[in-house]
Amino acid sequence: MQTVAKLIDTTLCIGCKACELACQEWNDQEFTLGVFQGTYQTMPDLAHNFWNLIKFNERETAGGMSWLMTKYQCMHCADPGCLRACPAPGAIVQLRNGIVDFNHDHCIGCGYCITGCPFDVPRLSPATKKVYKCSLCSDRTAVGLSPACIKTCPTNCLTFGARDELLRKAESRAEQLRADGHAQAGVYNPQGVGGTNVLYVLKDATEPEAHGLPKDPTIPLSVALWKGPLKWLGTLTLVGGILGTFFHYVRFGPRTYEGQEK
Amino acid sequence: MPLETDRKIPRFDFGERAAHWMAAISFLYAALTGLALWSHKLYWLAFVFGGGATVRGWHPWGGVVFALALGVMFSRWARQMRLDADDRTWLRLSHRYMVHDESGLPEAGRFNAGQKMLFWMQSALALLLFASGLVLWWPEIMPRALRLLAIVVHPAAALGAIGGIIVHIYMGTAAVPEAFRGMMQGWVRPGWALSHHPRWFKEISRH
Ligand code: HEM
Ligand code: SF4
């Protein structure tokens, strides 16, 4: 099966937030009223019932101020930290088309995925005690529809399709931007997590932090240790302890004393 | 003076036994449910204990009971567990103890140096487990840096503690006959006391 992807061309985002609304509607989310933060952003952050946020990153420029509007949602990593951290088999699955999906029947609500995710995406619901995030509309893509956010985007900032094709498209768009004088333009497809199935075109790819994107996201070191060497050490401790004590008994027997009861 | 072999020597009073077994039961529960979440290969343990979500909900409470029980044990025993010069000699020669050759081993008091080491090791690991466990209990409100630390400290400390307890259970059951009755019913035979904890036996026999 072909790997799918979502391409976000940040230079084309006008901040209309239609994708936020489409996401809420399709996924049947109840909107939780927040407190006005003094920005144009809908919510300060993602939430268990709000999976797709347009960040209105403000930036001072020579002439005044500019917005670096950036769509923020699950990146559908090729090597997902959430999946590595998840203790419940089947609660996080990586579909053959590359989508990383949460299966709430199997989710136990431990929240380890929140810690494992280098993009700080999953959110725990206090009501259901389960974790939620963007599914790249796996229920739509499974039947050949494009994700709700893509379907609704009025500017073609968002496109969906085969990953290889979109990556090529992103590269050529970046080249076009460079030709137009944006020398730092490039594609955000971080290799520390094996690449992502959500790709960005950035006007300045040398500074993704300005968009609220981490520069070199990787599987956190402690998660790698926990799921790597510690697994082996732990197995050695358990098996060694059980076999070691067992064979100690076989070889040396119990410590007895004179006059011991039969 | 011949030993009156039928006498019952009190070894652990009810408070000590109750605290010990509360710690043991809660530890075993926390260890088995924790192992279920540690490895996919052991996830079947989660079903034994009521399913993944149940295990996630109750495992921390097992830890809280364990911490409380161990706290009682600590306050009862910490003074008696101090290591002295004899203990250090004992530890240096502990490989002989393991093969039932006790030449040169100093006489043990109420607890031998191996038992004392188990006590300190479990206390230290319990502290780590408790602190990191609190962080993992409420990921929503904990800073990310703490969560990243706790997610590796908690299983590392747990596996160390479980390794120690495997040896301890072996010692308390198969390897040292009659020790189990001491912790269950509270008394041991004079011959056992003289053989395993001679210095302790002589001390209590003086009164
Ligand atoms: C089912 C599991 C366990 C069994 C069968 C068991 C058995 C025993 C026995 C028979 C003793 C008395 C030794 C003596 O008379 O000198 C003892 C002591 C002790 N137990 Fe356990 N125990 C168990 C679990 C635990 C756990 C989980 C802890 C947690 C830290 C623990 C901590 C201790 C300590 C600190 C002592 C005193 C020092 C020592 O004997 O090593 N035990 N146990
Ligand atoms: S962005 Fe986070 S939640 Fe999404 S796949 Fe990557 S690690 Fe998992």
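Here are a few things to note about the model shown:
- The listed residues B:84, B:6, once ranked by accessible area (1.4 Å probe) with the largest placed first, stand as B:6, B:84.
- Charge dipole (Cα centre; +1 on Lys/Arg Cβ, -1 on Asp/Glu Cβ; no other charges) of the stretch B:9-205 amounts to roughly 180 debye.
- Residues B:204, A:14, A:92, sorted by accessible area with the largest first, give A:14, B:204, A:92 [1.4 Å probe; ligands and nucleic acids excluded].
- Each residue was assigned an accessible area with a 1.4 Å probe, and for residue A:146 the value is about 30 Å².
- Volume of the Cα convex hull of chain B, divided per residue and given in Å³: 151
- Phi-based couplings in Hz for the stretch B:141-146 (Karplus 6.51, -1.76, 1.60; Gly and Pro marked x): 9, 9, x, 4, 4, 5
- Accessible area ranking (1.4 Å probe, heavy atoms, ligands and nucleic acids excluded), largest first, for A:207, A:20: A:207, A:20.
- Within chain A, the ratio Rg/Rh, alpha carbon atoms throughout and Rh by Kirkwood, equals 1.16.
- Student exercise, the stretch A:85-191 dipole from Lys, Arg, Asp, Glu Cβ charges, in Debye to nearest 20: 180
- Residues whose placed amide H lies under 5 Å from that of residue A:92, excluding near-sequence neighbours: A:103
- In the B-A interface, the accessible area buried, summed over both sides, Å² (probe 1.4 Å): 3700
- Most positive-pole-ward Cα, A:170, B:205, B:30, against dipole of the protein assembly as shown from beta carbon charges: B:205
- Amide hydrogen proximity for residue A:71: with H placed 1.01 Å from N in the peptide plane, the residues at 5 or more positions away or on another chain lying under 5 Å are A:55.
- Helix B:52-77 axis, angle to chain B major axis (alpha carbon atoms, nearest 10°): 30
- Positive-pole candidate from A:226, A:142, A:185, dipole of chain A, charges at beta carbon: A:226
- Estimated dipole of the protein assembly as shown in Debye, rounded to 20 [Cβ of Lys and Arg +1, of Asp and Glu -1, Cα centre]: 1160
- Counting protein heavy atoms only, the stretch A:19-85 has 56 percent of its accessible area on carbon and sulfur, 1.4 angstrom probe.
- Just checking the listed ones, B:11, B:92, B:181: in the Gaussian network model of chain B with Cα springs under 10 Å, the one fluctuating most is B:92.
- Proximal lysines relative to residue A:231, as straight alpha-carbon distance under 22 Å, when same-chain residues fewer than 8 apart are discounted: B:41
- Folded to 0 to 90 degrees: helix A:163-179 orientation relative to chain A principal axis, Cα: 50
- Under conditions of 20 °C and 1.002 mPa s, the stretch A:36-76 yields 187 µm² s⁻¹ as its translational diffusion coefficient, taking Rh as the Kirkwood radius over Cα pairs in the Stokes-Einstein equation.
- Think of the stretch B:9-205 as having a plus end and a minus end, set by charges on the Cβ of Lys, Arg, Asp and Glu; of B:61, B:48, B:80, B:61 sits farthest toward the positive end of this dipole.
- DSSP bridge analysis restricted to the protein assembly as shown gives an antiparallel fraction near 85%, rounded to the nearest 5.
- Loop-located chymotrypsin sites (Phe, Trp or Tyr not before Pro) in the stretch A:71-126 whose Cβ has at most 10 other Cβ within 10 Å (DSSP): none
- Nitroxide proxy distance, nm - points 7 Å out along Cα→Cβ at residue A:60 and residue B:173: 6.9
- The stretch A:34-109 versus the stretch B:47-80: alpha-carbon centroid distance in Å: 35
- In the protein assembly as shown, the calculated helix contribution to ellipticity at 222 nm averages -14500 deg cm²/dmol per residue, counting -39,500 (n - 2.57) for every DSSP H run with n ≥ 4.
- Residue-normalised accessible area of the protein assembly as shown, given per residue in Å² at a 1.4 Å probe: 50
- Highest GNM mean-square fluctuation among B:149, B:159, B:129, for chain B modelled with Cα contacts below 10 Å: B:149.
The values are calculated or read from the model by the stated rules, or taken from the named source; none is laboratory data. What you see is a predicted model, and the numbers here were worked out from it, not measured in a lab. Virtual Cβ from ideal backbone geometry, glycine too; neighbours counted across all protein chains shown. Side chains included, ligands, DNA and RNA excluded: accessible areas come from the protein's heavy atoms. Shrake-Rupley method; radii C 1.70, N 1.55, O 1.52, S 1.80 Å.
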